[in-house]
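S.K.: Pasting in a structure now, in structure tokens, and then I'll have a few things to ask.
The values are calculated or read from the model by the stated rules, or taken from the named source; none is laboratory data. Owing to the predicted nature of the structure, the values given are computational and were not obtained by experimental measurement. Counting neighbours? That spans all protein chains shown, and the Cβs are built from the backbone with ideal geometry, glycine included. Just the protein is used for accessible areas: all its heavy atoms, side chains included, with ligands, DNA and RNA removed. Shrake-Rupley method; radii C 1.70, N 1.55, O 1.52, S 1.80 Å.
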Amino acid sequence: MDLTKLLKPRTIAVVGASEKEGFGGDVCRNILSYMKESDNVYFVNPRRDKVFGRPCFPSVSHVPDMVDLMIVCTPQKTVIPLLEEGAKKGCGGAVIFASGYGETGTPEGKKNEKELLEKAKELDIAVMGPNCAGYVNYVDNIQAFAFISEKRERKGNIGVVSQSGQLCLSMMDCPSMRFSYNISAGNAKGVQMEDYMEFLAEDEDTKVISLYIEGVKNAEKFVDVLNKAAAKKKPVVVLKAGRSSKGQAIAASHTGSLSGSDAAFDALLKKFGAVRVEDLEELTAMSLLLSTIPGLPGKADFASMNLSGGETAICADVGYLNGISYPDFTEETLRALKELLPGYATPNNPLDMTASLSYDADLYAKALETVMDDPNVGMVLIGYTLLYEIADPAIHYMYEGIRKVVQKKGAQCKPIAVIPFAENTRNPEYQQKLFEIGVPVLPPPVYAFKMLKKLSELVTYDYAAASHTIALPEKSGGRTYALSEHESKMELKAFGVSIPEEKIVTSPEEAAEMARAAQGAFAMKIESADILHKSDVGGVMLNVSGGSEAYEAYGRILENVRKNCPDARVNGVLMVPMLKAGTEMILGVNNDPQFGPVIMVGMGGVFVELFKDVAVYPAPVNKKEALELLRSLKSWRLLNGYRGQKKCDINALCETIVSVSKFAAANKNTLKELDINPLFVYPEGEGVGVADSLIVKYKE
């Protein structure tokens, strides 16, 4: 969809221009505040000759120019006739503030929305909204925004798209934020969120894409844009409502969006290197961090420089809680710091510099450069609380020292950020000065180090190693049916999953004959797609060996099933060689209606039930991604030879994950869920063992 006339118009008509408070008046106020000299903006109102002293035309038809963009400030019933009139003047974009559409949930609202979308498509007009607050294009200084905020310079490189106009305004009210675009998409029914994302992904003036979304409407395009942004190394920061059941209900009622599975959404963002945040403070601060630093650190290793022991301890502790890597300084760095610091100071990372160096710009610069030059360090964090009223002059000297290092290093300067220790009102002069040299001021430590952990994940994200497609379903839902254990295993075996030799027997004599011919013991299980929990009905017997035991076990299993599940369809009894014990894992698939099959892997037994130590990722998964999934588990060390135990066959486990993901991708339209539980992983070189499996599918 071409958004040029919507977001980068040559001429604009404000329909419903007014001097009253509200959409019509506030849009005009913003235009007059920021676009005073513009002669390509026309006010339209049949009841006014002038608005704020500017000429006002009785209709769009009377505007003495072609019109690229209409800003429609009038009620819902007037919108379609205005679009028809605007189309005759060349209109290709419309911002519609009116409500009364699908967000109401009423039949009338849905009918209004359908008619609007059909008319916009017929006229080839890109519609923002409806029920939106408009947008500001800071690159070209275009004001199509209906909320009033403090007048100040906001031009920068963060492209914001939000389904909430109030959140757009809140971000504009943050003194440190700088935007390329700030777009309140509202219901996002005409031009969808994914369309704005695509525009920003391709926009050279946008360095960071910052989103507040309540649901994804076009999953295929959403994935495509995430992939494009990742390929360009353009960060995408996402705040999505709907983590909780109440959040999902609110999101759905607010915009009519489906929240979908939160775990699947998390996994999708992880696959494409996007950053998910949890509230507006994180969204703002993370976007600001990524937009201000010149580039990502070369490595996810940090040095922290502070003026007191207390601040140093806080950075050490909160950094540790967030998994921040503080590498040891090299011996060369330690020797250089000892020469710079007072004799009573002990150089470490995090570093207590003491306050003495902060009053000498040259010494401070030398200490900063020494730390930055350490080959183990990827980014430098400066601990300092920047107060609104400056009483202590330390910031004057510290800023000069930082500026000297940034100028001296040029393109070789490693990223720097300032971390305050309390959220006081910040001094705007020095915040701006630091911003201008590429040094962001982050929130206090609990927020800051959480963000730095996300930054670390961005630094270590390997686009080349990721598979760049996911198995989006073309259809899903409906009635379901389960496969039996044997049927499930055979489907997986066809995709390369290692399955032990097993057989369905249909008489006690056949069971006895098979047991006599074998050397080891068997697990004997009722073979029926109608019985998913076999043990609960007495349908499983373990460690059966010898003909007589097998004969007796067959009879007891059938008797138990006839008693407990008399209506179940039974194929016979499945005889499976008893697997030796190994490290117990669970491997499964859940098919998300929007984003398709999602692989889930974790430690089995009490780990999955008690600790819920699992990792998820969209299918298909390649071998490198499978390994990263395993590495992300808290219990990874148990697989990797913890405290002298034998290392598990991680290679075979990864190959099994890949094979299951291929099966899931191939069955994306019919698979509902899959479980392999337990999956035994044996010592290195000995493979894996599938003890049980269940596949549930949708009926075609």
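S.K.: Which of the residues spanning segment 422-463 are open to solvent by 40 Å² or more (accessible area, probe 1.4 Å), of a type outside the set (Lys, Arg), farther than 16 Å from Glu281 by Cβ and in contact (Cβ under 8 Å) with a residue 12 or more places away in the chain?
M.R.: Pro428, Phe435, Glu457, Thr460, Tyr461, Asp462, Tyr463
S.K.: Looking only at residues that are in a loop (DSSP other than H, G, I, E, B) and in contact (Cβ under 8 Å) with a residue 40 or more places away in the chain in segment 410-421, which one is surrounded by the most Cβ atoms within 10 Å (Cβ to Cβ)?
M.R.: Applying the filter and picking the extreme gives Pro415.
S.K.: Across segment 478-495, what is the number of residues that are touching a Lys or Arg at 6+ places or on another chain (Cβ under 9 Å) and either in a loop (DSSP other than H, G, I, E, B) or on the phi > 0 side of the Ramachandran plot (or both)?
M.R.: The qualifying residues number 4.
Table: residues versus (1) in a helix (DSSP H, G or I); (2) among the basic types (Lys, Arg); (3) within 18 Å of Phe421 (Cβ to Cβ).
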{"position": "Ser304", "(1), (2), (3)": "no, no, yes"}
{"position": "Ala345", "(1), (2), (3)": "no, no, no"}
{"position": "Leu368", "(1), (2), (3)": "yes, no, no"}
{"position": "Pro375", "(1), (2), (3)": "no, no, no"}
{"position": "Thr385", "(1), (2), (3)": "no, no, yes"}
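S.K.: Could you please tell me which pairs satisfy a Cβ distance under 9 Å, a separation of 6+ or placement on different chains, a first residue in segment 494-518 that is under 16 Å from Arg556 (Cα atoms), and a second residue that is open to solvent by 70 Å² or more (accessible area, probe 1.4 Å) and assigned to a strand (DSSP E or B)?
M.R.: Every condition considered, the pairs that remain are Glu510/Lys503.
S.K.: Next up: Asp173 - would you say it is of a type in the set (D, E, K, R) and at pLDDT below 95?
M.R.: yes
S.K.: Could you list all residues from segment 446-465 that are over 13 Å from Gly323 (Cα atoms) and assigned to a helix (DSSP H, G or I)?
M.R.: Tyr447, Leu458, Val459, Thr460, Tyr463, Ala464, Ala465
S.K.: List the strands (runs of 3 or more DSSP E) inside segment 1-61, counting only whole elements, that have at least 1 residues being open to solvent by less than 80 Å² (accessible area, probe 1.4 Å) and within 30 Å of Glu194 (Cβ to Cβ).
M.R.: Output list reads 12-15, 41-44.
S.K.: Do we find a residue being part of a loop (DSSP other than H, G, I, E, B), over 27 Å from Glu198 (Cβ atoms) and touching a strand residue (DSSP E or B) at 6+ places or on another chain (Cβ under 8 Å) anywhere in segment 97-112?
M.R.: no
S.K.: Also, I was wondering about something else. Does at least one position in segment 616-625 carry a residue that is closer than 25 Å to Pro683 by Cβ and among the small types (Gly, Ala, Ser)?
M.R.: No, segment 616-625 has no match at all.
S.K.: Out of all the residues in segment 533-549, is one or more farther than 30 Å from Glu474 by Cα, in contact with a Pro (Cβ under 8 Å, 6 or more places away or on another chain), open to solvent by 10 Å² or more (accessible area, probe 1.4 Å) and at pLDDT below 95?
M.R.: no
S.K.: Just to verify a result, which residue in segment 134-191, among those that are basic (Lys, Arg) and within 25 Å of the chain's Cα centre (by Cα), is surrounded by the fewest Cβ atoms within 10 Å (Cβ to Cβ)?
M.R.: Arg178
S.K.: Has segment 390-407 got any residue that is touching a residue at least 12 places away in the same chain (Cβ under 8 Å) and not in a helix (DSSP H, G or I)?
M.R.: yes
S.K.: Could you run through segment 101-124 and say how many residues are crowded, with 17+ Cβ neighbours inside 10 Å and more than 31 Å from the chain's Cα centre (by Cα)?
M.R.: Here the count works out to 6.
S.K.: Can you tell me which residues in segment 496-516 are farther than 20 Å from Lys580 by Cβ, assigned to a helix (DSSP H, G or I) and either open to solvent by less than 30 Å² (accessible area, probe 1.4 Å) or not charged (D, E, K, R) (or both)?
M.R.: Pro508, Ala511, Ala512
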